[in-house]
Amino acid sequence: MRLEWARPGVVRATAHAYELAALVSAARLVAESASPEIPPGTLEDLRQILDDYDAQVARLRKAPFPGDGA
């Protein structure tokens, strides 16, 4: 994985699909079985990030895959 600053407050991540999948699955585990110590606002933020991720994955599935000649 590689992280770099895109601009102040914005980080660009370049990761293998399995690295991203591991991070997302860990986030889903937390969102689905959250400890009571996690503030509700934080948990809602995490769920929104996961919803955004799911929407982007759906968009990506419709896009041509790089190198497939499309």
The one condition ALA6 fails out of (1) out of contact with any Phe, Trp or Tyr (no Cβ under 7 Å at 6 or more places or on another chain); (2) not in a strand (DSSP E or B) is (2)
#### Entry: Yes/no for GLU4 being touching a strand residue (DSSP E or B) at 6+ places or on another chain (Cβ under 6 Å) and either on the phi < 0 side of the Ramachandran plot or at pLDDT 95 or above (or both)
yes
Output for Cβ contacts, cut-off 6 Å, separation at least six or different chains, first residue over 15 Å from ASP54 (Cβ atoms) in the stretch 5-33, second open to solvent by less than 100 Å² (accessible area, probe 1.4 Å), reads ARG12/GLU4; ARG12/ALA6
By residue number, the members of the stretch 53-68 that are open to solvent by less than 80 Å² (accessible area, probe 1.4 Å) and free of Cβ contacts under 8 Å to residues at least 12 places away in the same chain are ASP54, ALA55, VAL57, ALA58, ALA63
Report yes if some residue within the stretch 11-29 is in a helix (DSSP H, G or I), modelled with pLDDT of 95 or more and among the β-branched types (Val, Ile, Thr); otherwise report no. yes
Would a scan of the stretch 35-52 turn up a residue that is of a type in the set (Gly, Ala, Ser) and either open to solvent by 60 Å² or more (accessible area, probe 1.4 Å) or part of a loop (DSSP other than H, G, I, E, B) (or both)? yes
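Residue-wise test of (1) over 22 Å from MET1 (Cα atoms); (2) of a type outside the set (Gly, Ala, Ser).
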residue	(1), (2)
ARG12	no, yes
HIS16	no, yes
ALA22	no, no
ALA31	yes, no
SER35	yes, no
PRO40	yes, yes
LEU43	yes, yes
ALA63	yes, no
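The values are calculated or read from the model by the stated rules, or taken from the named source; none is laboratory data. Model, not experiment: these values are computed from the prediction. Glycine also receives a Cβ, built like all others from the backbone with ideal geometry; neighbour counts cover every protein chain displayed. Remember, those area values only see protein heavy atoms, side chains included, never the ligands or the DNA or RNA. Shrake-Rupley method; radii C 1.70, N 1.55, O 1.52, S 1.80 Å.
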